[in-house]
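Colleague: This structure is in structure tokens; I'll ask about it shortly.
Where a number appears in this text, it was derived from the coordinates with a stated rule and is not lab data. Note that the structure is a prediction, hence the values are computed from the model and not measured. Quick reminder, even Gly has a Cβ in these numbers, built from the backbone with ideal geometry, and neighbours come from all protein chains shown.
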Amino acid sequence: MHVTAGIFGNPEIAKKLGKAGSGNDIIMYNHASSDGVFTYVHPNSERIHSLLQVIGMIDVPIVVFSEMTKEFGEQLVALDAAGFENGFLVLDGIPEDQMRTAIRGSSLEKFELVDNDPVVIKQKLMAIDYRRDNIGSPWIPVDNYFNVKGIGTVVLSVVKRGTIKKFDVLKLEPLGKDVTVKDMQSQDKAVTEAVAGMRLGINLKGVDAEELKRGYVLCKQAKLSKEVTINFSKSRYCKEELEKDKQLFVAVGLQVITGTLISVEEDKLMIKLEHPLVYASNEKSIIASTRQILPRIIGNGIIVG
């Protein structure tokens, strides 16, 4: 079992759940045992990108209610827009009635309230049926990348769909490059095959680390476009008016791309993007404001085409 969980609210609980790993604007903790491999991540920046990218990485959110701040409120709005099927609520100083008021009318109402106990939380994570797609076309978003002396380019990622094997040739989009999987590791152990849900370090041939960005995708095929149409649902917490020429962020997976609104037609947005978006059919997206007034979440939608 491989699970990637997001920690929202008070991130201190992550220190009890795993061992500190990589950290910058996204902090990771890792735990591996006979029960499985668990990765816990939380945003570590005021930039909206970090929050949206953590949401794009994870299987399930763990929401810790310690203090009601504007920043935590924005996390709740973003999680509502993401529409997770499963999630957990943890009380850490806030009364249950106040927590229930905060999530009323949102998708978080279906999340399960669990004890503030790392053992209980891990048991709950293990009980979920994650319904991995190991048969579909591989889809592997890059979340970290670097050069290792004597080895070459290494990317860190979670396999979102499909299965990959050592020596597979994949496309790296949006660069359009063919790259070869030279080696793979999971929890510092060499593997020759990886399935959906697994967190990997992948040694790639055919690309330099300097060419990469977080959100680039390893795949067999993908759609790329600098102009997208989105079937859109506005967040009830958003007060901004959507009008032509408005700048906004489009988040898909780990990609957060600045765009300009071309047109608004009822529940459809047409957006011109600064950089090509890599996506598959019926891809989910979150739309966010470029302004610094919280909450910055505008809404969500499905990309048409």
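Colleague: By count of other Cβ within 10 Å, fewest leading, how are Ser235, Ser186 ordered?
Modeller: Ser186, Ser235
Colleague: A further question follows. Could you tell me which residue out of Ala127, Ser66, Ser281 lies farthest along the dipole of the chain toward its positive end? Charges go on the beta carbon: Lys and Arg +1, Asp and Glu -1, centred on the Cα centre.
Modeller: After comparing all options, I get Ser281.
Colleague: If packing is taken as the average count of other Cβ atoms within 10 Å, what order do 14-21, 157-164 fall into, highest mean first? Don't skip to the answer; put the middle values down first.
Modeller: Numbers: 14-21: 16.1, 157-164: 22.1.
Per-residue mean Cβ counts within 10 Å order the peptides as 157-164, 14-21.
Colleague: Under 23 Å Cα-Cα from Lys122, which lysines qualify once same-chain neighbours fewer than 8 residues away are excluded?
Modeller: Excluding near neighbours in sequence, the set is Lys15, Lys16, Lys19, Lys110, Lys160, Lys189.
Colleague: Between Asp178 and Glu227, how high is the FRET efficiency from 1/(1 + (r/R0)^6) when r is the Cβ-Cβ distance and R₀ = 22 Å? Nearest 0.05.
Modeller: Numbers: r = 26 Å, r/R0 = 1.17.
After rounding to 0.05, the efficiency reads 0.30.
Colleague: Using 0.36 nm times the number of residues separating Asn24 and Ile302, minus their current alpha carbon distance, what extension gain do you get?
Modeller: Values: separation 278, 0.36 × 278 = 100.08 nm, distance 3.00 nm.
This chain segment gains 97.1 nm when fully extended.
Colleague: Segment 213-247: which trypsin sites (Lys or Arg not before Pro) are DSSP loop and have at most 12 other beta-carbon atoms within 10 angstrom? Spell out each step's value before the answer.
Modeller: Working: sites: Lys213, Arg214, Lys220, Lys223, Lys226, Lys234, Arg236, Lys239, Lys244, Lys246; in loops: Lys213, Arg214, Lys220, Arg236, Lys239, Lys244, Lys246.
Filter output for segment 213-247: Lys213, Arg236, Lys239, Lys244.
Colleague: Can you tell me how much longer the chain between Glu109 and Thr258 gets when fully stretched, taken as 0.36 nm per residue apart minus their C-alpha distance, in nm with one decimal? The partial results should precede the final answer.
Modeller: On the way: separation 149, 0.36 × 149 = 53.64 nm, distance 3.09 nm.
Here the answer is 50.6 nm.
Colleague: Please identify the GluC sites (Glu not before Pro) of segment 214-279 that satisfy two criteria: DSSP loop assignment and at most 15 other Cβ atoms within 10 Å. Which are they? Please report the intermediate quantities before stating the final value.
Modeller: Details: sites: Glu227, Glu240, Glu241, Glu243, Glu265, Glu266, Glu274; in loops: Glu240, Glu241, Glu243, Glu266.
Sparse-neighbourhood loop GluC sites (Glu not before Pro): Glu240, Glu241, Glu243, Glu266.
Colleague: Using a 7 Å offset from the Cα along the Cα-to-Cβ direction at both Asp97 and Lys239, what is the distance between the two label points in nm, to one decimal?
Modeller: 2.8 nm
Colleague: Taking the beta-carbon count within 10 Å as an exposure proxy, list Leu200, Leu175, Leu113 from fewest neighbours to most.
Modeller: Values: Leu200 21, Leu175 17, Leu113 12.
Listed from fewest to most nearby Cβ atoms, that is Leu113, Leu175, Leu200.
Colleague: Let me ask something else. To the nearest 500 deg cm²/dmol, what mean residue ellipticity at 222 nm is calculated for the chain from DSSP H runs of n ≥ 4 alone, each contributing -39,500 (n - 2.57), summed and divided by the residues? Let's see the in-between values first.
Modeller: Numbers: 5 runs with 45 residues, N = 305.
Here the helix-only value at 222 nm equals -4000 deg cm²/dmol.
Colleague: If N is the number of residues in segment 1-138, what value comes out of its Cα radius of gyration divided by 2.2 N^0.38 Å? Don't skip to the end; give the middle numbers.
Modeller: Details: Rg = 14.4 Å, N = 138, 2.2 N^0.38 = 14.3 Å.
This ratio for segment 1-138 stands at 1.00.
Colleague: Let me ask another. If each of Arg47 and Glu71 carries a label point 7 Å out from its Cα toward its Cβ, how far apart are those two points in nm?
Modeller: 1.6 nm
Colleague: Continuing with this model, one more query. Kindly give Rg over Rh for segment 223-303, based on alpha-carbon atoms, with the Kirkwood expression for the hydrodynamic radius. Write out the running numbers ahead of the final one.
Modeller: Details: Rg = 11.4 Å, Rh = 12.4 Å.
Looking at segment 223-303, the ratio lands at 0.92.
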